[in-house]
Amino acid sequence: MTERPVFTSPAITLNSFHERVATAIADLAPTLTDLSLDLHADPELKLTEYHAAERLTALLDTHGFAVERGIAGMPTAFVGSYGHGGPVIAFLCEYDALPGIGHGCGHNLIAAGGIGAAIAARYALPDNFDGTIRCIGTPGEEGAGGKIVELDAGVFTDVDAALMWHPSANSHPWRHATAAVHLEVVYHGIAAHAAGNPDQGRSALAAVIQLFNSIDALRQFIPETARLHGIITDGGQAPNIVPERAAATLMVRAITQETVAELLDRVRICVQAAADATGTTVEISTGRIYAERKNNKIMATRTAAHLARLGEVMHEPVIRGGTGSSDIGNVSLVLPTIHPYMAIMPEGTPSHSRAMTDAAASPQAQTVMLHIAEALAATGIDLLTEPDLLTTARQEFATSGPDLPS
């Protein structure tokens, strides 16, 4: 692999708050590791993360947080709060898994690290401090856009800064992300005997196949940073029946929300054309658009400095080409937000893979999770105790744009 330039951050002088964070993380380490491995062993899909939500909220209860469950109309969403007044610093948790491969995106680690940071920050501050620590449970990142639902419901209205992280094959203080949208397509045809009287049938499966052929043809005429991909979720019931129903799930990704919307219009034309060509009808539903990301460099650099004193090596961000998408992008366009990446597996290991699923339960991953929990907690403490730091982060947010490949 090509050697990546190391990201250099200013050195941090350890103070009493940081020392209390370190003590809290050391005390919490067995609990956080057990939590991470428990969620990994019991993967739950988007918006059905009942076990994870119960584990996380019970832990917040234990450590003195006021917990609201079932927020924003989602049973597995929650907010835990400690303290009073502002500023409000929020640590975010994701905990949904992927179909078939479980925690191949490492959300078990995100959840344990996020809640660990919130609890450690709570113990690092005196009881009478001015400010609020939040732990926000954001379900359904894998396609349901839980953070966007929470944004629309006002969950982030009074939040001054949002902090979370993501496991990866590389460590970066920030990274860009593409905007994206999910598209559900269902074709309806007419069933008939596939050999005896196929002329009386209209194949919904033929429509889906035509759709994928059209999208393949479209790919050469879209920006090279865009992505069109999908799966057939229903291809019929038996080979001797002309399929009267077939369905597909597609994703449209591009550098910005505006380009996603433009490409979505072109994909819709492909969807309808396939129905017209096969004599079928079609239903189309789209999810919420995941936005491009605006990383707060002031906060991310401070987190990198805390990671450096813990022995973690961060590399310069790579801002080019297509990449993954997350609903954290929508949050980042509303308030100062960080989403650093930490290596839990060898460089080159793909995410959303069984190799990453295995890595997310490894001892190395648990160590990294504890380090980022400490670094995020320390950054949150700095934002609460150093007014100039939060002011500078706000100024950067007000004057900067999203991180976009050139």
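Cβ separations smaller than 7 Å between residues 6+ apart or across chains give no pair from the stretch 1-12 residues that are outside the structural domain of residue 315 (by TED's automatic domain parsing) and within 7 Å of residue 315 (Cα to Cα) to residues that are modelled with pLDDT under 90 and part of a loop (DSSP other than H, G, I, E, B). Residues being within 26 Å of residue 397 (Cα to Cα), surrounded by 19 or more Cβ atoms within 10 Å (Cβ to Cβ) and more than 16 Å from the chain's Cα centre (by Cα) are entirely absent from the stretch 267-286.
Highlighted here are the strands (runs of 3 or more DSSP E) found entirely within the stretch 240-350 that include at least 2 residues which are under 24 Å from residue 190 (Cα atoms): 245-254, 281-286. The single residue among 106, 131, 154 that is within 24 Å of residue 350 (Cα to Cα) and small (Gly, Ala, Ser) turns out to be 106.
Exactly one residue out of 403, 388 is surrounded by fewer than 21 Cβ atoms within 10 Å (Cβ to Cβ), part of a loop (DSSP other than H, G, I, E, B) and among the acidic types (Asp, Glu), and it is 403.
The single condition from (1) touching a residue at least 60 places away in the same chain (Cβ under 8 Å); (2) out of contact with any Lys or Arg (no Cβ under 8 Å at 6 or more places or on another chain); (3) assigned to a loop (DSSP other than H, G, I, E, B) that residue 141 fails is (2). Taken over the stretch 46-72, the residue count meeting the criterion of being under 19 Å from the mean Cα position of the chain (by Cα) and either exposed (fewer than 15 other Cβ atoms within 10 Å of the Cβ) or outside the structural domain of residue 326 (by TED's automatic domain parsing) (or both) is 1. Has the stretch 5-14 got at least one residue that is in contact with a strand residue (DSSP E or B) (Cβ under 9 Å, 6 or more places away or on another chain) and not in a loop (DSSP other than H, G, I, E, B)? The answer is yes, given that some residue of the stretch 5-14 is in contact with a strand residue (DSSP E or B) (Cβ under 9 Å, 6 or more places away or on another chain) and not in a loop (DSSP other than H, G, I, E, B). In this structure, does residue 64 turn out to be in a loop (DSSP other than H, G, I, E, B) and touching a strand residue (DSSP E or B) at 6+ places or on another chain (Cβ under 9 Å)? Against the criterion (in a loop (DSSP other than H, G, I, E, B) and touching a strand residue (DSSP E or B) at 6+ places or on another chain (Cβ under 9 Å)), residue 64 qualifies. Does residue 148 satisfy being part of a strand (DSSP E or B), within 17 Å of residue 331 (Cβ to Cβ) and of a type in the set (A, V, I, L, M, F, W, C)? Against the criterion (part of a strand (DSSP E or B), within 17 Å of residue 331 (Cβ to Cβ) and of a type in the set (A, V, I, L, M, F, W, C)), residue 148 does not qualify. For the stretch 221-235, the condition holds for at least one residue, the condition being that it is more than 27 Å from the chain's Cα centre (by Cα) and without any contact (Cβ under 8 Å) to a residue 12 or more places away in the chain.
The values are calculated or read from the model by the stated rules, or taken from the named source; none is laboratory data. None of the values given here were measured: they were computed from a predicted structure. Here the Cβ is made from the backbone with ideal geometry for all residues, glycine too, and neighbour counts use every protein chain on show.
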